[in-house]
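Have a look at the structure below, then the notes.
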Amino acid sequence: MHRSPPALSRRHFLLLGVSSAAASLVGQPLAAAGLQAPQDSLSGRGAAGTLRDPSVVGRPRQPTAIRGDEAEIQAIEQRLACSCGCTLDVFTCRTTDFTCTYSPDLHREVLALRDEGKNAQEILDAFVSKYGEKALMAPKPEGVINLTGYLLPGALIAAAGAGLALFITRRKAAVAAVTASATPPLPMGAHVSAEELERLRRALADIED
Amino acid sequence: MTLLGQFALWAAFALGLWCVLLSFSGRWQGRPDLSASVVRSIYAISGCLLVASLALWKGLISHDFNMEYVAAYTSRNLPNAYIFSAFWAGQKGSLLFWAVVLSLFASAAQLLTSRRFAYLMPYVAGVTAAVITFFVSVMIFAADPFERLAFTPADGRGLNPQLQNVGMIIHPPMLYLGYISLTIPFAFAMAALLSRRLDTGWIHAMRKWTLVSWLFLAIGITLGMWWAYVELGWGGYWAWDPVENASLLPWLTMTAFLHSVMIQEKRGMLKRWNFSLVIGTFLLSIFGTFITRSGVIASVHSFTQSNVGYFFLAFLVIVAVLSFTLLYTRWDLLEADVRLESVVSREAAFLFNNLLLVGIAFSVLWGTLFPILSELVRGTKITVGVPFFNRVNVPLGLLLLGLTGVGPLIAWRKASTANLQRQFIAPVISGLITLGALLAVGVRDFYATVALSLAGFVAGTIVQEFYRGVRARRRMHGESIPLAFGRLIGRNRRRYGGYIVHVAVLIYFVAFAGMAFKREQEATLKPGDSVEMTSPFGHRYRFTHMGISQYEALNRIVSAATVEVAKDGKSLGLMTSEKRQHVDSFKRPTFEPSTEVGIRSNLQEDVYIVYAGSVDGTEEAVYRFNINPLVWWVWFGGFVLALGGVLTMWPGGGPTSSVSRQVQAGYEVTLVGAGKD
């Protein structure tokens, strides 16, 4: 026999009480506490185009400015580091981390400098003079320290490679002398037993493996 | 349960000290009872740490919010899978995870290693016990996972939303397994040095462990890339973040070791270098742990800052000093059996490959530490981000890719001009055809063109190797092509498994080159508005914003932005990207809202949609649309790499067993030992 569920179970009643208390404590409306049926704010339903709970989508956004130099702005911002600690560039951060309050401000600064007629390099220089070199995603390749940063790994590898090649070449002569004094190879046609051939076959297989 | 856990930790600590003292005092030598005691201590430590782990899991599952760790990383409404994975989500739990897995690896090393290497095992037990004891001591004295709170919260804080992803259930354990298992090769190397048994025995004893570590690291790194791609929402999979770099460093040096150890096995060379690589790799794994846990360098992956960083720094310095001092004292015993004879030889190619791998590792380490060094020297803070790493490392990576194709083509010992011509002609033509095709279709990006052309060259090398192998088998045994192909791999797993790994490497490089052509666009759309983008492959995409729906799920409030996607005028269906506000069981927000990106992937390109936010609480949405070329191939490359790695370490298959191999002086293989029979 089908038994209809009670209008309000004990568990639901308890949850209602706890949630009401919690909601009143944290100042949230009961609706947000999840006891009402989920509502949908798809276009054309409910308040026209308004989210039911804007607080859960993060910081309100400004509409993206439509500009003719959008690609250039993007390229500039990809060379500027966001200062929120995300390790991303300004463009990536402001289009990804919607909780970041730094990258939108930095974006506005870029737009303002661009509107003043500055080119990409001048904008980057302006950021460096205002925020220091850490504003750039990579240090400028100038000055002893920075150049060392860029060039040291490659220089070390090149030097080690050249040293290795030189070392091997010099060894070559010594090895040739050792080989010359070693036991001469068997003459062509010398008798080789089947056992020795089998040993040779196994040894070569080892080498090729 | 917390008392039991703490007791188990203390017991493991005491047993670890016993094992270390006995091992390094050498008193077990000539005393089978003490030798057995050393080994049994490892099993006992494993048992203690398993008990501690079960105690922590019990606390997590039973929502014991009086435990600080449980309250910090779980909540009542957290899905069960993430309650399970919360074990390694935080600093303290991950330390316990590290210790228990290491103890299990140490036990497995004792159980699985052949009795022929019994002379190494007490030392192996001692070294592994020393590392375990270090981790246990960090927990006991600085990061107790069983710490109790003065009060019991009604609910926990929950797990960081970015960790609530299936990738985070498997990615960290895989990476940890890689890091942790590096201790075993290190222990064998130390055991060989301590016992002065410096032949190739220790290499044979630990070969599988090196492959296991390398494979786990590789899988962990690839899974980490996948997690970053689907979860962090910035549109890429590798950002040269310090913690990403820290995982790459030991993988690079271990890859170098896997190549150079072949030279030691075949020619008796590079003994000192191989010891140095194993020690360096282990130190880099500890260095990575130090970076992740100390907060010394900013990273999105870092654990909460704590004083455990000092423990790791001290441990790093002590291990470095002790192990390199030990190596120095055995220096004279590690003379090479033979010398390199020619720059144009496979040995030399392997050496240059080693040089590049270690050089890239240095370069990555250098870039990671450069902000600190620069600030120390100049007093100026700088950012070392993606452009720096790309500028320094991309040329080195391309050189390495080239060598991947060159190495197998050069003969051992010394290659003749005729040999070089015969070997290189097909791969070079393959590379040139690729270059021509790229130029013909209008590809002009320098690095991408070089990478793809080199990939063509490497592909030519690998195909030629397989072709010649199959042809030789068909001639010798009259086998069909599929049978010859299967047996070629089955009988030479190490060699052809390695070539499959090379295939994976070239797939990776092709996929990485693809990202040079990614397209991204930001757009603010009202419901019904559209934006269009053209992909690098020439497809025209149209994105139409349908609206935003909000609903509640188990532990979050979801705002889902829906986009209709059309490709070349044909609808592909709907894609959603979400904002998730996680809440505890009282519906209180626990973390900042997080993003779930929408991804549609195919062999050519990924459509990647990020819902970045809403304008003034309306359905007018700010999006970032990315078209990312060839990303699918990164994950496929990971699969191929894992396949090659497993094949390489799969037991059996060779024409001769590995232990029967002897170090051979040059090619004097024919009559070595002939007179002794």
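The values are calculated or read from the model by the stated rules, or taken from the named source; none is laboratory data. Remember, it's a predicted structure, so these values are computed and weren't measured experimentally. Please note: Cβ atoms are built from the backbone with ideal geometry, for glycine as well, and neighbour counts cover all protein chains shown.
See the values below:
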| read-out | value |
| --- | --- |
| Among (1) part of a loop (DSSP other than H, G, I, E, B); (2) touching a Cys at 6+ places or on another chain (Cβ under 8 Å) - the single one B:Asp64 does not satisfy | (2) |
| Qualifying residue in segment B:509-519 (condition: within 11 Å of another protein chain (Cβ to nearest Cβ) and surrounded by 18 or more Cβ atoms within 10 Å (Cβ to Cβ)) | no |
| Hey, B:Val358 surrounded by fewer than 19 Cβ atoms within 10 Å (Cβ to Cβ) and either modelled with pLDDT of 90 or more or not charged (D, E, K, R) (or both) or not | no |
| Residue in segment B:28-42 that is in contact with a helix residue (DSSP H, G or I) (Cβ under 8 Å, 6 or more places away or on another chain), of a type outside the set (S, T, N, Q) and at pLDDT 90 or above present | yes |
| Test for B:Glu479: is it surrounded by fewer than 18 Cβ atoms within 10 Å (Cβ to Cβ), of a type in the set (Asp, Glu) and touching a Lys or Arg at 6+ places or on another chain (Cβ under 8 Å) | yes |
| Members of segment B:135-188 found to be buried (at least 19 other Cβ atoms within 10 Å of the Cβ), assigned to a helix (DSSP H, G or I) and aromatic (Phe, Trp, Tyr), listed by number | B:Phe135, B:Tyr176, B:Tyr179, B:Phe186, B:Phe188 |
| Of residues in segment B:372-389 being facing chain A (nearest Cβ under 9 Å) and not in a loop (DSSP other than H, G, I, E, B), the one surrounded by the fewest Cβ atoms within 10 Å (Cβ to Cβ) | B:Val377 |
| Only listed residue being among the aliphatic types (A, V, I, L, M) and in contact with a helix residue (DSSP H, G or I) (Cβ under 8 Å, 6 or more places away or on another chain), chosen from B:Ala118, B:Ala143 | B:Ala143 |
| Of residues in segment B:620-677 being at pLDDT below 90 and away from chain A (no Cβ under 14 Å), the one farthest from A:Gln74 (Cα to Cα) | B:Pro651 |
| All positions within segment A:40-55 that are over 22 Å from B:Ala523 (Cβ atoms) and at pLDDT 75 or above | A:Arg52, A:Asp53, A:Ser55 |
| A:Leu106 aliphatic (A, V, I, L, M), more than 22 Å from B:Thr562 (Cα to Cα) and modelled with pLDDT of 80 or more | yes |
| Tally, over segment B:42-76, of residues that are among the β-branched types (Val, Ile, Thr), without any contact (Cβ under 8 Å) to a residue 60 or more places away in the chain and either crowded, with 24+ Cβ neighbours inside 10 Å or within 21 Å of B:Ala12 (Cβ to Cβ) (or both) | 1 |
| Exclusive hit being closer than 24 Å to B:Arg148 by Cα, among the aromatic types (Phe, Trp, Tyr) and surrounded by fewer than 23 Cβ atoms within 10 Å (Cβ to Cβ), set B:Trp18, B:Trp10 | B:Trp10 |
| Where B:Leu365 falls short, out of the listed (1) crowded, with 18+ Cβ neighbours inside 10 Å; (2) within 11 Å of another protein chain (Cβ to nearest Cβ); (3) within 20 Å of B:Arg272 (Cβ to Cβ) | (3) |
| Set B:Phe287, B:Phe257, B:Phe275: member being out of contact with any Cys (no Cβ under 7 Å at 6 or more places or on another chain), over 24 Å from B:Met225 (Cβ atoms) and at pLDDT 90 or above | B:Phe275 |
| Residue list for segment B:340-357, filter: within 8 Å of chain A (Cβ to nearest Cβ) and either hydrophobic (A, V, I, L, M, F, W, C) or touching a strand residue (DSSP E or B) at 6+ places or on another chain (Cβ under 6 Å) (or both) | B:Leu340, B:Val343, B:Ala348, B:Leu351, B:Phe352, B:Leu355, B:Leu356 |
| Residues satisfying the stated conditions in segment B:312-353, i.e. buried (at least 19 other Cβ atoms within 10 Å of the Cβ), modelled with pLDDT of 85 or more and touching a Lys or Arg at 6+ places or on another chain (Cβ under 9 Å) | B:Phe312 |
| All positions within segment A:71-103 that are surrounded by fewer than 19 Cβ atoms within 10 Å (Cβ to Cβ) and either within 10 Å of another protein chain (Cβ to nearest Cβ) or not charged (D, E, K, R) (or both) | A:Ala71, A:Gln74, A:Ala75, A:Gln78, A:Ser83, A:Cys84, A:Gly85, A:Thr99, A:Thr101, A:Tyr102 |
| Matching residues, segment B:600-619, being in contact (Cβ under 8 Å) with a residue 24 or more places away in the chain, out of contact with any Gly (no Cβ under 7 Å at 6 or more places or on another chain) and within 14 Å of chain A (Cβ to nearest Cβ) | B:Tyr611, B:Ala612, B:Ser614, B:Val615 |
| Residues located in segment B:559-584, provided they are surrounded by fewer than 21 Cβ atoms within 10 Å (Cβ to Cβ), more than 15 Å from B:Pro527 (Cα to Cα) and not charged (D, E, K, R) | B:Ala566, B:Gly569, B:Ser571, B:Leu572, B:Gly573 |
| Filtered residues of segment A:133-153 (kept if basic (Lys, Arg) and within 7 Å of chain B (Cβ to nearest Cβ)) | A:Lys134 |
| Residue ID - farthest from the other protein chains (Cβ to nearest Cβ), chosen from residues in segment B:408-423 that are surrounded by fewer than 19 Cβ atoms within 10 Å (Cβ to Cβ) and assigned to a helix (DSSP H, G or I) | B:Gln421 |
| B:Gly490 vs. criteria touching a Pro at 6+ places or on another chain (Cβ under 7 Å) and either more than 14 Å from chain A (Cβ to nearest Cβ) or assigned to a helix (DSSP H, G or I) (or both) | no |
